[in-house]
Every structure is written in structure tokens, then in C-alpha cells.
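The values are calculated or read from the model by the stated rules, or taken from the named source; none is laboratory data. This structure is a prediction, so every number in the text was calculated from the model and none was measured. Quick reminder, even Gly has a Cβ in these numbers, built from the backbone with ideal geometry, and neighbours come from all protein chains shown. For the accessible areas, the whole protein counts, side chains as well, though only heavy atoms, and no ligand, DNA or RNA atoms are used. Shrake-Rupley method; radii C 1.70, N 1.55, O 1.52, S 1.80 Å.
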Amino acid sequence: RGEVFFTVSKDPRRPFIVTSGGVAVRAVGTAFNVRKRDASLEVLVTEGRVRVDDVRVGRSLLPISAAEEPSLLVAGERAIVSSAPTSASEIPLMASVEKVDSSVTQRALAWQERRLEFDEVPLGDVVIEFNRYNLRQLVIADDVLAQKRFSGTFRADGYEPLVRLLETDFGVTVVRTEREIVLRLAQ
């Protein structure tokens with residue numbers, strides 16, 4: 001689980017393989033990011049190309065290409081495998097693949113600089129990201145608030161500026177305890 005960025009030297013005799021949740025990402029001379037969440041695995045290629053395979057059945061999870069060789073994820077593309085297999089008999093869904101522009105790549109890799117960037121993301125997802133980096137956890141006590149879209153750039157370990165912004169500009173009330181900060185829409 002978690003997230004990691006790899007830069008791999010080119011040597012076809014020694015491929016670099018990352019395996020997580022039944023998915024193998026195979027690279028030779030490339031740079032890519034792998035992010036494992038509870039229900040998905042995301043692969044973002046910033047340089048070169050990689051294969052994304054189901055390790056149990058040895059087949060690509062990428063959409064089939066017209067070429068004879070297996071499909072590859074190339075620089076500027078992101079694949080998301082929405083569910084990893086839970087048993088040997090299950091076959092995961094094919095990965096969804098999308099081209100991403102440099103701003104999406106920049107936001108996705110901001111974590112390397114201990115920075116979090118959000119663009120129209122549900123506040124519930126923003127809180128999940130902050131909680132990955134902080135011992136004092138943010139808790140949203142209001143489903144409507146969790147769905148509100150949010151944009152901004154913050155230090156990963158700096159949740160207080162986010163909390164102050166929510167209080168002053170978004171009508172959020174805050175209750176602080178020793179271990180958590182509870183957020184809810186003001187009544």
C-alpha cells in the first residue's frame with residue numbers, strides 16, 4: 001500500500017518489476033509512479049513505457065493494441081486497475097487508460113516534495129490524503145461536506161492552513177481533540 005516513484009536504468013536483460021495486489025508493472029528504462037489504494041492501483045508513466053499485467057494469468061490488463069506485441073503504457077498515460085483479485089479464480093477488470101497532461105502529472109507527483117495539490121476534488125478525498133501524512137487525523141462528520149469540491153495546494157504535513165481556510169471561507173465548524181480535528185458544516 002502507499003505510493004512510490006521509480007526511475008529505472010535501461011537494461012532489457014534485467015527488467016524491473018513491481019508487484020502489488022496481483023498486478024505486475026514491468027519496466028525497462030523508464031520512470032513511473034505506482035499508487036496502491038484500498039480498491040485500486042494507479043500507474044502513471046512519466047518517461048518510457050511499462051507493461052501492466054495480471055500476475056496470476058500472465059496477461060496484460062491494458063486494452064488490446066493493434067500491434068502484435070503486448071499493449072504498453074507510455075509516457076503521459078495513466079492506468080487504473082479498479083479492483084485487485086482477491087482469489088486465484090477471479091480475473092480483475094481491465095485497466096482504464098487515459099492520457100494525462102503535465103498539470104495532472106505535476107499534481108500526482110507533488111507528494112515527492114511533501115506537497116498536496118487538489119483540483120476540484122471531493123473534500124473527503126482531500127482529508128484522506130492529509131491523513132496519510134499526519135498523526136492528528138481530520139474527520140468529516142457531515143456527508144454533504146465530504147462531497148464538496150475543493151482546490152488548493154498545501155504542505156502535506158500542514159493541515160492547519162487547510163482547517164483555517166475551511167473555517168473562514170467555507171462555513172465549516174471545527175472541534176479539536178488531542179487525536180483528531182472534526183469538521184462539519186456550520187448550522
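Going by the conditions given, is Glu113 of a type outside the set (A, V, I, L, M, F, W, C), more than 29 Å from Gly171 (Cα to Cα), at pLDDT 90 or above and open to solvent by 40 Å² or more (accessible area, probe 1.4 Å)? Answer is no for this residue. For the range 1-31, filtering for residues that are closer than 16 Å to Arg78 by Cβ and either within 18 Å of the chain's Cα centre (by Cα) or modelled with pLDDT under 85 (or both) leaves 9. When the range 136-154 is limited to residues that are among the hydrophobic types (A, V, I, L, M, F, W, C) and farther than 13 Å from Asp125 by Cβ, the one that is surrounded by the fewest Cβ atoms within 10 Å (Cβ to Cβ) turns out to be Val144. Here Glu90 does not qualify as modelled with pLDDT under 85, open to solvent by 40 Å² or more (accessible area, probe 1.4 Å) and within 20 Å of Pro12 (Cα to Cα).
A count restricted to the range 157-177 and to residues that are more than 16 Å from Leu123 (Cβ to Cβ) and at pLDDT below 90 stands at 2.
If you go through the range 127-170 and keep only what is among the aliphatic types (A, V, I, L, M), in a helix (DSSP H, G or I) and in contact (Cβ under 8 Å) with a residue 12 or more places away in the chain, you end up with Val127, Val144, Leu145, Ala146, Leu162, Val163, Leu165, Leu166. Within the range 1-50, the residues that satisfy the criterion of being aliphatic (A, V, I, L, M) and in a loop (DSSP other than H, G, I, E, B) are Val28, Ala39.
Yes/no per residue for (1) open to solvent by less than 30 Å² (accessible area, probe 1.4 Å); (2) modelled with pLDDT under 90:
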site	(1), (2)
Asn33	yes, no
Thr46	no, no
Ser60	yes, yes
Ile64	no, yes
Glu69	no, yes
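State yes or no: is Val175 open to solvent by less than 50 Å² (accessible area, probe 1.4 Å) and either farther than 21 Å from Val34 by Cβ or among the aliphatic types (A, V, I, L, M) (or both)? Spelling it out, it is not the case that Val175 is open to solvent by less than 50 Å² (accessible area, probe 1.4 Å) and either farther than 21 Å from Val34 by Cβ or among the aliphatic types (A, V, I, L, M) (or both). Could you tell me whether Ser83 is outside any strand (DSSP E or B), modelled with pLDDT of 80 or more, of a type in the set (Gly, Ala, Ser) and surrounded by 13 or more Cβ atoms within 10 Å (Cβ to Cβ)? In short, no.
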